[in-house]
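Asker: I have a structure I would like to understand better, so I am pasting it below and will then ask my questions one at a time.
Quick note: the coordinates plus some simple rules give every number you see, no bench work behind them. Predicted, not measured: the structure shown is a model, and the values here were computed from it. Note that we place each Cβ from the backbone using ideal geometry, even for glycine, and neighbour counts take in every protein chain shown.
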Amino acid sequence: MLRDRLSEEDSAIIETIKRVAWVTGASQGIGAAVSRRLARDGWIVAASARSADKLHALSQEAEHLPGSIVVFPLDVTDEPAVERVFADIEARLGPVQLAILNAGTHEPIPATEFSVAPVRRLIEINLMGAVHCLTPVISRFVARRSGRIAVVASLAGYRGLPTASAYGASKAGLINMCESLRPELLDAGVVLSCVTPGFVRTPLTDRNPFPMPFLIDVDTAADRILRGVAGRQFEITFPRRFSYLMKVLRLLPYALYFAIVRRVSPRRD
Ligand SMILES: NC(=O)c1ccc[n+]([C@@H]2O[C@H](COP(=O)([O-])OP(=O)(O)OC[C@H]3O[C@@H](n4cnc5c(N)ncnc54)[C@H](OP(=O)(O)O)[C@@H]3O)[C@@H](O)[C@H]2O)c1
């Protein structure tokens with residue numbers, strides 16, 4: 001093994017330059033693609049999600065890569081578990097320099113079937129899950145005056161979309177929270193980005209029964225996220241054409257906005 005042939009001093013230098021990233025929602029889709037891409041670039045990736053078997057498969061897949069993927073199973077809705085797992089990651093792998101908080105899901109809710117349970121589920125996973133992860137990450141990064149954080153929201157957080165009352169609310173909450181955190185964290189030496197993707201082909205969107213405009217593949221999404229993080233961007237949004245469209249919709253007065261939404265929404269009668 002290479003490490004056996006290195007002097008203690010060399011080993012110490014390698015220890016200090018190794019880069020550690022934490023990716024949540026890493027068992028499939030965007031999180032898995034980001035983890036693979038980071039491991040290809042030499043990062044040690046702490047990969048978290050609930051499905052330990054999928055994380056182990058991802059870790060094995062990365063064995064030939066310059067970096068590595070280490071499995072840390074976690075349900076982000078379990079606040080004490082998040083604290084424990086984050087402490088465990090740093091104890092085993094060293095200080096985390098990059099956190100990609102991506103765990104999330106979607107459930108369409110027709111407005112006529114609106115109820116508490118699915119809304120609570122999505123807020124717990126998408127919004128509170130990110131809050132649980134942000135808490136220890138911000139605390140450690142601020143103490144070290146360094147670190148990068150990317151929170152994965154969605155273009156669906158820009159404006160209310162049909163059947164997305166819970167999903168959109170969770171993602172709009174994340175965008176607003178990130179806007180609030182960014183300036184103060186920058187002053188504290190920490191760079192926080194907010195990722196707002198359009199449609200990306202993943203197991204989540206494979207369930208969608210409708211044509212998805214401007215759909216992109218998951219490796220392109222991973223590339224955009226990591227390029228945005230490297231460029232210290234606040235808003236990492238893609239694909240560009242869909243993002244511009246959503247931004248224009250955001251500027252429209254309600255009468256016009258609702259007229260457009262009703263025209264493009266599938267009718268249920
Ligand atoms: N795909 C898109 O078009 C799109 C567009 C905009 C935004 N996004 C956002 O991008 C993120 C990733 O989406 P995706 O399309 O890659 O979805 P996906 O294929 O369903 O992957 C979601 C990931 O989140 C994990 N996860 C879900 N609930 C969790 C929990 N309670 N604790 C820990 N991990 C959990 C899942 O793993 P386990 O089930 O194993 O826990 C999985 O690894 C989400 O936040 C999504 O809202 C996606």
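Asker: Taking every pair of alpha-carbon atoms in the chain, give the share separated by more than 31 Å as a whole percent.
Answerer: That tail contains 27 percent of the Cα-Cα pairs.
Asker: Also: Helix by helix, which DSSP H runs in the chain go 24 Å or more along their axis at the Cα atoms and have an average Kyte-Doolittle hydropathy of -1.0 or more? Display every interim value, and only then the final one.
Answerer: Working: long enough: 165-187 (34 Å, 0.04).
What comes out of the filter, once short or polar helices are dropped, is 165-187.
Asker: What Cys residues in the chain are without a partner cysteine, judged by a Cβ distance under 4.7 Å?
Answerer: So, C133.
Asker: Between S115 and R50, what is the label-to-label distance in nm when each label sits 7 Å out along the Cα-to-Cβ direction?
Answerer: Taking the two extended label points, one gets 1.8 nm.
Asker: From the helices alone, meaning DSSP H stretches of at least four residues, give me the mean residue ellipticity at 222 nm for the chain, per-run term -39500 (n - 2.57), in deg cm²/dmol to the nearest 500.
Answerer: Result for the chain, helices only: -15000 deg cm²/dmol.
Asker: Further question on the same structure: Which longest run of the chain has no exposed loop site in it, a site being trypsin sites (Lys or Arg not before Pro) in a DSSP loop with at most 11 other beta carbons within 10 Å, and the site itself not part of the run?
Answerer: On the way: sites that count: R145, R232, R267, R268.
Free of exposed loop sites, the longest segment is 1-144.
Asker: So, one more: Compute from the Cα atoms of segment 132-269 the Rg and the Dmax, the latter being the longest Cα-Cα distance, and quote both in angstrom.
Answerer: 16.6, 57
Asker: Also, quick follow-up: Taking the Cβ of R50 as the centre, find all other residues whose Cβ is under 14 Å away and add up their charges (Lys, Arg: +1; Asp, Glu: -1).
Answerer: Charge balance near R50 sits at -2.
Asker: Let me ask you something else. Please find, in a Gaussian network model of the chain (springs between Cα atoms separated by less than 10 Å), the residue of T77, T220, T112 whose mean-square fluctuation is greatest.
Answerer: Judging by the Gaussian network model, the answer is T112.
Asker: For the chain, set up a GNM with springs between Cα atoms under 10 Å and report which of G157, G198, G42 has the largest fluctuation.
Answerer: G42
Asker: Which value in nm describes the separation of the simple spin-label points at L249 and R263, placed 7 Å from the Cα toward the beta carbon?
Answerer: Once both label points are built, they end up 1.3 nm from each other.
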